[in-house]
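Readers should treat all values here as calculations from the given coordinates under stated rules, not as data from a laboratory. Keep in mind the model is a prediction, meaning the values are calculated, not measured. Neighbour counts run over all protein chains shown; Cβ positions are idealised from the backbone, glycine included.
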Amino acid sequence: MSAPARSRYDAVIIGGGHNGLVCATYLARAGRSVLLLEAAGRLGGAAVTREFAPGFRVSAGAHLLHLMPPGLLRELNLGAHGLKMAAAGLPTVALSRDGQHLLMGGRAVPTLSSADAQAYTEWRRLLGRIAAALHPVLNEPPPRLGTDAWSDRTALMRLGWRLRRLGRRDLRELLRVGLMNIHDLLEERFQSPLLKGALALDAVLGTNYGPRSPGTVLSLLYRLAATHGSDALSLPEGGLGAVSAALAQAATAAGAEVLTSQPVARILVKEDRACGVALASGAEVSAGVVISNADPKRTFLDLLGAEHLDAGFVRRIAQLRTHGVTAKLHLALQRLPQFSGLDAAALRGRLLVAPDADYLERAYNHAKYGEYSQAPMLEVTLPTLTDPALAPPGQHVASVIVQYAPYRLAEGWDGGRQRLTDIVIDTLGAHAPDLRQCVMASELLVPTDIEREFGITGGHWHHAELAFDQFFMVRPVPGATQYRTPLPGLFLCGAGCHPGGGVMGLAGRNAARQVMHEVA
Amino acid sequence: MSQESPHFRQPLLRTPFHERARALSQIDRFIPWAGYTTVDVFSSAEQEYFSVRNASSLFDLTPMVKYRITGADALRFLNRLMTRDIGKLRPGRVAYTVWCDDAGMMIDDGTVFCTGENEYLVCTAERQLDWFAASAIGFDVRISEITEEIAALAVQGPTSYALLKGIGLAGIERLKPFEHGNFTMPGTDGAITLMVSRTGFTGDLGYELWMEPADATAVWDALMRRGSSRGVRPIGSQALNMVRIEAGFILPNMDFVSAAHTLRIGTERSPLELGLAWLVDFKKGHFTGRRALLAEQQRGPLRQLVGLDIEGTKPAHNALLYTERSGRREAGSVTSATWSPTCKRNLALAMVDAPYIATGSLLWAEIYLNRELVWERRMVRARVVERPFFAPARRRATPPAEF
Amino acid sequence: MSLRAANRYDAIIVGAGHNGLVNACYLARAGLKVLVLERNPFVGGAAVSRSLYEGFTYSNCSYVCSLLRTEIIRELELPQYGLQIIPYEGGCTMMRDGGHLAVYDNHDAMRREIARHSRRDAEAYDRYVRDMLRHCRFIKPLLLREPPDPTSFRPRDIHELMFLGKHFHGLGEARMYDTLRFWTMSCADMLEEYFESEIVRGHMAGSSIIGTALGPRSAGSAYVLLHHYMGSIDGAVGAWGFARGGMGAITQALAASLRASGGEIRLSAPVHQVLVRGNRATGVVLQDGEEIHAPVVVSNLDVKRTFLHTVAPEHLPPEFLDQVRRFKIRGSSGKLNIALDGLPSFPAIPAGSPSIRGDLHITDTIDMLERGYDDWKEGRWSRAPYVDMLIPTQIDPTMAPDGKHYMSVFVQYCPYELADGPWTDEKRKAFGKTVIDAIGAHSPDFRDLILHAEIRTPWDIENEVGLTEGNIFQGELTFDQLLFNRPVPGYAQYRAPVRGMYMSGSSTHPGGGVMGAPGANSAAAILRDLGRKP
């Protein structure tokens, strides 16, 4: 733990998650003096690789790299900062009880009935066109409504123009389906339950919604928009922590000062302006601007304090829906379990347990009443197949995203944790009968653990639920959009902002640009 | 207290003074006020008016909504809520203040009593729990509504001091304006402890008495008995409305609509527009609405509440105001109006567009005269004048004159 | 008059539901020779008063009135033709634990009622009502307008889009966001921003699920709540009332108004198909083979029944047909109409409370409603259903013999298709029993007072009224089917792909409920196309 080198910076960034690091890099490259303060002993927030059992390491938060847009990766030049991909273009495999798994994504062509195959091709084209039209929206701050600012008006006009350019057919379809639920949309187009299950999973992953919840088409479009419609999956060598390490190196190389184990106690305010931060160590650092990578609740209620904000705004922050429903199970495996009907190439990809959309909906039903799913949906990776260094020789790691596991579990997570672990092992075990025998150790991170480990209030991936009423122009809440806050000099750069979470990095870059735009 | 019917039969509560008030009411004019039934007029608003300006009046204040605010952050909470610096309010003092929403628009006004360190009593015209609860997020504070636990009586008028002294409140002569303290009233059934504040809504010498509901009738009786030879009388809301306009005080739902209730766009009013800039302390640190009010202050007001002196004797209730006699261009409207029997002037409070708010501006008010059901429309001169319209020196004298 | 002339009209309206009649009235008043064809031997569609048990009148489908636009009532002079709408006061939600939350007209009574459960909620209620009224004020001017096509460059569409934009912009920044959020929120999330008490939330949430295939936790259900709030009676926004003589009084008055302006109605005249020649509607052919001609054909049937069953597919663009097939019109509500030998007692409701004369609900929490929805998703009726009961005979003396009462019981959720096979008599009885038991749990003498009960599942409603899948709104009120998406994108302006053919039913903007706005809006579109002044 080292102390800041200077007493004043152009910008102090609170939190060294990937967005904070990206923001620091862009500001430092623009010649600003930047100090980034991370509370934990390591950087990267929820994009982190760490040991969970002796000799076994895993990407403890996000476990695949797929949302970071190619343009951003290029600009950051992470390759030069040590990032190597262990595997790219990974397929997705929807597991079927009968062994007739569905291979999709990457370069795979799913084996489908001819009607479904044609519908699938049309579907990918349509979503691809819409995603391409929406992609630029993620690259800039969302406009504000009703202001006199020229930038807001042109942004709105650009958005209108971009949508109109989709053409009448696609625009009509977007205006219709954009607000639909994924279940109904898939019903309109496909027959194969397995295909519908797999596509529905992408729409609900990380959200507190089921396939029948309106808004789930939007969350799917949002995922696709980030990557221009491609759904290429990659596994960095060394896990997602390697991305954070490369981002940290990029930030340092750009001249930012990056410190770990330096929790910020509070944001300092002078004459109604954020003027620096007080560290838990007692030291104070002054700054031209303070940028928070922490979630909105933590930023406003804990670090800043309600007394610097208007009551109506604070009520909105308090009402922000931030409860996660996604758990993460890590398994240390003695050997590779025998997955029936999967070849080695398929096994390296993303395995889904989402046999049909109703299965997901039923899994979601439990979460509404404070229960975990009795038959959860799973997204599984076996990273040691492409990156053996994560486990002792011959042994393996399984990283499993489990949904739904509510933040507030009626029975309490003390007993629930082991029961859910067993359910997940049994659920996955249905496809790999010897799984249970292979498990040497396990770790289940439920939302309350995610809150504790990564400092995300409510343990939600996206810091705040990704729903219309917390989306785009009203994300995280009206009054704190465009990475600004009601307090001059205080900005946000985390997943709670547009365009949200996932290891995407756009919030960090957009925030950096906004800061540079406002503070010349 | 009488046996209450269920709320769906009898939605309005009765104050502890209700039986006494009903006995003295000559014309049965009761109106609802903040969930209670209260007297509008006992016998004649004019006669009741003169008891405030000439002798002593009793006004049942019980329906005022009262909150007790305690906890380690009580002061921080109030300071973020209200536009004035509550930090300057010492125990034993009272302050009139307002609070706003995020847009700097008035939610309500009220008085804050500092009763100890981080212990306050807040009196408001309307219920505020929803807004106070929102304002309490992030503060260690307890807010309890105690409206029904405290009976309150305003004793106002030039002889009010003599009257309170007369019922035995020792030391009352030392109580200065905007101070409060506990006093003991000797009685046949034992002494009664009262909190008395030198506050009021009349602009005259006066006090407000706060007591246990159980003591209410004994206090009322003592005051009526002691003051009977000196013209003490209970008054209703109408008389109070006349004196508060003379004093230049504003009333929610008359002079502004709380931003907590407005449906239309642009009908909220800021304290700057209501002429309450003196209550807004931009230097004390942040409070809700500060940034919006600062921006409004820099922009300059679009409109403001002003006092009007209107030609003729007919109160200009709800009158539209124009820039010329022809009535072609509107300049605002009257919010409250009364004939002032003391000033012998036709007074009004009006919301007037910015170009015409300067003292001395001449406007025209459109009023309708009922000539035995033959209606006449009159355009009369309305001149912007300073407020308050009536401010007798006796209201501030300490000790007050003993008559 | 020759037979030929007798069978020629200026406009034919298929279906004598309230919107069809409203449409016909406006056309007839503009001077058109109008014929309304109805397959049932009575007019009214789902707004009917039926005598199905000696001495009793049932509002056997729709049962309360609020949404019917005042403009329509006045312009069509419905009071002159016998329509009288009486507001009812209050209502009551009963909880399974015996508690209750009543609704009272008086503000102070209501505040004290809510305060029994939560003092904070009693005051938050004012903020809730304020915000709902603000949203009503925003939506009101949009109801009687034709929604613009956002993908079009026609001057009228651009003009209407600009109107929408200006109307929205006029809210100011803060309220624009509030509006955006409200329109896309779930009812449960929305209510959590106001209330802490479960019963208060559960009570308010009831209206968000009526007639929909959404649960209270589904995004968009807040709008459904508003849809039930935006009506008014005599200027009181959100008020609901009874039509004296049952809901049929509305359509009877409409029919009388129509006849007075020279319109004709033929009953028991089911339409087989719309006649189309050269992409132009030319009339209809009845099921008995009779042809009737008119240059304007208006279908008041729901969009599926209209285009999948009454127009030959070769006249319609395949893409349009695809969209119609995709239109979501799932039935989710059941109805019981019960003749009672006396007024049932509800021990939860305090003696003397006027709330028994309003709408009585069985709900206690949002979770209960949501679990009811979970049942519907699985293809079964809610095991603990949401019940909305009314006993209009306490106010309207015309509907039952003295001392006896008619009870209308609306039930949410009940599926059109059961997971375990088609509806049978037995299953219908079992469904009825579930509902009667649910009511019986709150009213000990209820079962013994039942003289007759009509049990209607969505399947029955489809068969008797003709509403596809028994959906009471002629199509779900979800975003993808509102405004310019209703009924399908590109055809939201009441005009069918076939020239001269129009839609007037609740499948079109602004949707269902006995509102009449779709009928009025489509009449305006027709008259504009004909170059006539409405």
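Give me the one-decimal Kirkwood hydrodynamic radius in Å for the stretch B:65-148, with the sum taken over alpha-carbon pairs.
Values: mean 1/r = 0.0799 Å⁻¹.
Computed over Cα pairs of the stretch B:65-148, the Kirkwood hydrodynamic radius comes out at 12.5 Å.
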What is the set of long-range amide H partners of B:Gln10 at a cut-off below 5 Å, with H atoms built 1.01 Å from backbone N?
none
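Pop the C-beta distance of B:Glu19 and B:Ser44 into the FRET formula with R0 = 30 Å and round what comes out to the nearest 0.05.
Details: r = 22 Å, r/R0 = 0.73.
Efficiency at R0 = 30 Å is approximately 0.85.
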For a test of the definition: using alpha carbon positions, the gyration tensor, and the 1.5 limit on a/c, classify the protein assembly as shown as rounded, prolate or oblate.
oblate
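Please give the calculated 222 nm ellipticity per residue for chain C, where each DSSP H segment of at least 4 residues contributes -39500 (n - 2.57) and the sum is spread over every residue; nearest 500 deg cm²/dmol? Spell out each step's value before the answer.
Numbers: 17 runs with 179 residues, N = 534.
Rounded to the nearest 500, it is -10000 deg cm²/dmol.
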So if I place +1 on the C-beta of Lys and Arg and -1 on the C-beta of Asp and Glu, and nothing else carries charge, what would the dipole magnitude of the protein assembly as shown be about its Cα centre? I want it in debye, nearest 20.
3820 debye
If you line up the long axis of helix A:240-253 against the longest principal axis of chain A, both from Cα atoms, how many degrees apart are they, to the nearest 10?
30 degrees
What share of the DSSP beta bridges in the protein assembly as shown is antiparallel, in percent to the nearest 5?
80 percent
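Which of rounded, prolate, oblate describes chain C, given a ≥ b ≥ c as roots of the alpha-carbon gyration tensor eigenvalues and a/c under 1.5 marking rounded, otherwise prolate only if a/b is larger than b/c?
Numbers: a/c = 1.70, a/b = 1.36, b/c = 1.25.
Because a/c hits 1.5 or more and a/b exceeds b/c, chain C counts as prolate.
Which net charge results when you count Lys and Arg as +1 and Asp and Glu as -1 among the other residues whose beta-carbon is under 11 Å from that of B:Trp33?
Working: positive: none; negative: B:Asp40, B:Asp60, B:Glu126, C:Asp108.
With Lys, Arg at +1 and Asp, Glu at -1, the neighbours total -4.
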For all pairs of alpha-carbon atoms in the stretch B:277-385, what percent lies in each bin of width 5 Å, listed from the first bin to the last filled one?
2, 12, 20, 19, 14, 11, 9, 7, 4, 2, 1, 0
With the alpha-carbon atoms as the only input, what is the per residue convex hull volume for the stretch A:115-227 in Å³?
111 Å³
In Å, the Kirkwood hydrodynamic radius from C-alpha pairs for chain A sits at 23.2 Å
In terms of the Cα gyration tensor, with a ≥ b ≥ c the square roots of its eigenvalues, is the stretch B:1-93 rounded because a/c is under 1.5, prolate because a/b exceeds b/c, or oblate?
oblate
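Can you give the average number of partner chain beta-carbon atoms within 10 Å of each beta-carbon in peptide A:172-181, as a whole number?
On the way: counts 9, 2, 2, 9, 10, 4, 3, 10, 7, 7.
Counting Cβ atoms of other protein chains within 10 Å of each residue's Cβ and averaging gives 6.
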Past the 27 Å Cα-Cα mark, which pairs from A:Lys297/C:Lys328; C:Lys335/C:Lys404; A:Lys297/B:Lys66; A:Lys196/C:Lys433?
A:Lys297/C:Lys328; A:Lys297/B:Lys66; A:Lys196/C:Lys433
A:Ala520 versus C:His309, label points 7 Å from Cα toward the beta carbon: distance in nm?
6.9 nm
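So for chain C, averaging the separation of alpha carbon pairs under 8 Å that are six or more residues apart and normalising by length, what relative contact order in percent results?
24 percent
Just need the relative contact order of the stretch A:330-425 here, percent rounded to a whole number, with Cα pairs under 8 Å and 6+ apart.
Working: 142 pairs, mean separation 31.1, N = 96.
Relative contact order for the stretch A:330-425 comes out at 32 percent.
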Aspartates and glutamates within cross-link reach of B:Lys284: Cα-Cα under 15 Å, excluding same-chain residues under 8 positions apart?
A:Glu271, A:Asp272, A:Glu307, A:Asp310, B:Asp85
Could you give each residue of the stretch A:303-318 its phi-based ³J(HN,Hα) in whole Hz, using Karplus coefficients 6.51, -1.76, 1.60 with θ = phi - 60°, and x for Gly or Pro?
7, 8, x, 4, 5, 8, 10, 6, 5, x, 5, 4, 4, 4, 5, 4
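Relative contact order of chain B: what whole-number percent is it, with Cα pairs under 8 angstrom and at least 6 residues apart? Please list the in-between numbers first.
Details: 905 pairs, mean separation 68.7, N = 403.
Reported as a whole number, the value is 17 percent.
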To the nearest 20 debye, what is the magnitude of the charge dipole of chain A about its Cα centre, counting +1 on the Cβ of each Lys and Arg and -1 on the Cβ of each Asp and Glu?
1240 debye
Lys and Arg at +1, Asp and Glu at -1: neighbours of C:Pro458 with Cβ under 15 Å from its Cβ sum to +1
Identify, among C:His228, C:Leu418, B:Pro252, the residue whose Cα sits farthest towards the positive end of the charge dipole of the protein assembly as shown, taking +1 on the Cβ of Lys and Arg and -1 on the Cβ of Asp and Glu, with the dipole about the Cα centre.
B:Pro252
If the reach is capped at under 16 angstrom between alpha carbons, list the lysines near B:Lys176, excluding any in the same chain fewer than eight residues apart.
B:Lys165
Positive end of the dipole of chain B, charges at C-beta (+1 Lys, Arg; -1 Asp, Glu), about the Cα centre: which of B:Leu263, B:Tyr207, B:Ala55 has its Cα farthest in that direction?
B:Ala55
Net charge, C:Ile265 excluded, C-beta distance under 9 Å - Lys, Arg +1, Asp, Glu -1
0
Ascending count of other beta-carbon atoms within 10 Å, so fewest first, for C:Ile210, C:Ile526:
C:Ile210, C:Ile526
Applied in sequence order to the stretch A:435-446, the curve 6.51 cos²θ - 1.76 cosθ + 1.60 (Karplus, θ = phi - 60°) yields integer Hz couplings, x standing for Gly and Pro, of 3, 4, 5, 7, 6, 9, 7, 9, 9, 10, 9, 9
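What fraction of the DSSP beta bridges in chain B is antiparallel, stated in percent and rounded to the nearest 5?
Numbers: 84 of 88 bridges.
Of the beta bridges lying entirely in chain B, close to 95 percent run antiparallel.
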222 nm mean residue ellipticity, helices alone, for chain A (DSSP H n ≥ 4; -39,500 (n - 2.57); rounded to 500)
-10500 deg cm²/dmol
Most exposed to least, judged by fewest other Cβ atoms within 10 Å, C:Glu77, A:Glu451 sort to C:Glu77, A:Glu451
Could you pull out which residues in the stretch B:385-403 have an amide N less than 16 Å from a spot 7 Å beyond the Cα of B:Glu173, following the Cα-Cβ vector?
B:397-403
Would you mind ranking C:Lys429, A:Lys270 by Cβ crowding within 10 Å, fewest neighbours first?
A:Lys270, C:Lys429
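Work out the P(r) tail for chain B: percent of alpha carbon pairs separated by more than 32 Å, whole number. Working shown, then result.
Details: 30468 of 81003 pairs.
Tail of P(r) above 32 Å: 38 percent of Cα pairs.
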Of B:Gly300, B:Ala382, B:Ile357, whose Cα points farthest to the positive end of the dipole of the stretch B:277-385 (charges on the beta-carbon: +1 Lys, Arg; -1 Asp, Glu; origin at the Cα centre)?
B:Gly300
Restricting the count to DSSP beta bridges whose residues both fall in chain A, what percent are antiparallel, rounded to a multiple of 5?
70 percent
Cβ charges +1 (Lys, Arg) and -1 (Asp, Glu), total dipole of the stretch C:207-320, debye:
240 debye
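At a Förster radius of 30 Å, what calculated FRET efficiency corresponds to the Cβ-Cβ distance of C:Ile158 and B:Ala354, to the nearest 0.05?
On the way: r = 37 Å, r/R0 = 1.22.
Efficiency for this residue pair is about 0.25.
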Kindly provide the helix-only [θ] at 222 nm of chain B, computed as the sum of -39,500 (n - 2.57) over DSSP H runs of four or more divided by all residues, to the nearest 500 deg cm²/dmol?
-5000 deg cm²/dmol
